[in-house]
Amino acid sequence: MIKIKNLSRVFRTEEVETKALSEISLTIKQGDFVSIMGPSGSGKSTLLNIVGLLDSASSGSYQLLNQEMIGLKEKEKSKARKENIGFIFQNFNLIDELSVYDNIELPLIYNKVSSAERKKKVEKIAEKLGISHRLKHYPQQLSGGQQQRVAVARALINDPKIILADEPTGNLDSKNGNEVMELLTDLHTNGATILMVTHSDYDASFSQKTILMKDGIILSEKINSRNVDVLISEKI
Ligand code: ADP
Ligand code: MG
């Protein structure tokens, strides 16, 4: 699904040059649930933003579904993003001026889905995420947990090929955080491919594999024990 090779990202300002990513290589297969951990400033968000086509690498290769993304024009990138990527952010990134319904519907409008079909889809996903009774409300009228559910609904409405989540529980208390993690685990069980940045060992334990980053490089990759247990029990 995703093949990254020798990917670098340099940020330049007048005084300083920051190498946010240095020659990263990484493969993510369909159905994988991978978490990325590491100290602040290690390049996790930069990597996720490049994978999500919100930012571009300075050099290297990034193939999404066998198509090279580096060097694509802005318009082509935006098309690839809208067709393939669902992004969930730490601060939810909902549009406060729009109702919950309108927030969730937005990606469908971009993708020119008919209004009858949009209504069906929004109502279905709202039902699935337990926010049907909130569709007429505005983001600020909702709890953090509910806002993140709306953000997840918006990320999923286009049936993205990959779900990217940058510290999705970072602004939530542990109860709401757990609910979001259960939601992601549920999606993964049903076949979703997920790449998640997190500071929480507990959240990472839901994923199959944890990548540890530091100073723009990948230090290590480990298979998570919860999944080793599953693998072992499957063998027995
Ligand atoms: P993390 O998400 O792991 O905390 P980031 O990917 O946000 O790390 O940042 C990696 C490095 O790149 C940091 O040193 C950060 O200051 C720098 N950086 C990130 N975005 C920008 C930007 N838009 N302009 C300049 N420097 C940036
Ligand atoms: Mg970050």
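The values are calculated or read from the model by the stated rules, or taken from the named source; none is laboratory data. Here the structure is a predicted model, which means the values were calculated and not measured. Positions of Cβ are generated from backbone atoms using ideal geometry, with glycine treated the same way; all protein chains shown enter the neighbour counts. Just the protein is used for accessible areas: all its heavy atoms, side chains included, with ligands, DNA and RNA removed. Shrake-Rupley method; radii C 1.70, N 1.55, O 1.52, S 1.80 Å.
Right, G31: assigned to a loop (DSSP other than H, G, I, E, B), touching a residue at least 12 places away in the same chain (Cβ under 8 Å) and either over 22 Å from N171 (Cβ atoms) or within 16 Å of ligand 2 (Cβ to nearest atom) (or both) or not?
yes
Need the failing condition index for V180 against (1) open to solvent by 10 Å² or more (accessible area, probe 1.4 Å); (2) within 27 Å of V122 (Cα to Cα); (3) assigned to a helix (DSSP H, G or I), just the number.
(1)
Report, ordered by the first and then the second residue, all pairs with beta carbons closer than 8 Å, sequence separation of six or more or different chains, a first member in the range 129-158 that is without any contact (Cβ under 8 Å) to a residue 12 or more places away in the chain, and a second member that is small (G, A, S) and open to solvent by less than 30 Å² (accessible area, probe 1.4 Å).
Final answer for the pair search is S132/A126.
For the range 169-190, state whether one or more residues are touching a Phe, Trp or Tyr at 6+ places or on another chain (Cβ under 6 Å), away from ligand 1 (no atom under 16 Å from the Cβ), small (G, A, S) and over 12 Å from F92 (Cα atoms).
Checked the range 169-190: no residue is touching a Phe, Trp or Tyr at 6+ places or on another chain (Cβ under 6 Å), away from ligand 1 (no atom under 16 Å from the Cβ), small (G, A, S) and over 12 Å from F92 (Cα atoms).
How many residues are part of a strand (DSSP E or B), in contact with a strand residue (DSSP E or B) (Cβ under 8 Å, 6 or more places away or on another chain) and within 16 Å of ligand 1 (Cβ to nearest atom) when one looks only at the range 204-220?
Final tally of qualifying residues: 8.
State whether one or more residues within the range 137-145 are part of a helix (DSSP H, G or I) and either touching a Gly at 6+ places or on another chain (Cβ under 7 Å) or surrounded by 17 or more Cβ atoms within 10 Å (Cβ to Cβ) (or both).
Yes, the conditions are met somewhere in the range 137-145.
Could you grab me the full set of residues in the range 73-94 that are more than 18 Å from the chain's Cα centre (by Cα) and touching a residue at least 12 places away in the same chain (Cβ under 8 Å)?
Once the filter is applied, which keeps residues that are more than 18 Å from the chain's Cα centre (by Cα) and touching a residue at least 12 places away in the same chain (Cβ under 8 Å), the range 73-94 yields nothing.
Could you identify the single residue in L64, L54, L98 that is of a type in the set (A, V, I, L, M), in contact (Cβ under 8 Å) with a residue 12 or more places away in the chain and more than 30 Å from S205 (Cα to Cα)?
Result of the check over L64, L54, L98: L98.
Within 11 Å of ligand 1 (Cβ to nearest atom), modelled with pLDDT of 95 or more and exposed (fewer than 14 other Cβ atoms within 10 Å of the Cβ): is that true of S45 in this structure?
Taking the combined requirement at face value, the residue does not satisfy it.
Residues being within 16 Å of ligand 2 (Cβ to nearest atom) and aliphatic (A, V, I, L, M): count how many of those fall in the range 158-171.
2
Which residue, of I50, I2, I28, is within 16 Å of ligand 1 (Cβ to nearest atom) and open to solvent by less than 20 Å² (accessible area, probe 1.4 Å)?
Among I50, I2, I28, only I50 is within 16 Å of ligand 1 (Cβ to nearest atom) and open to solvent by less than 20 Å² (accessible area, probe 1.4 Å).
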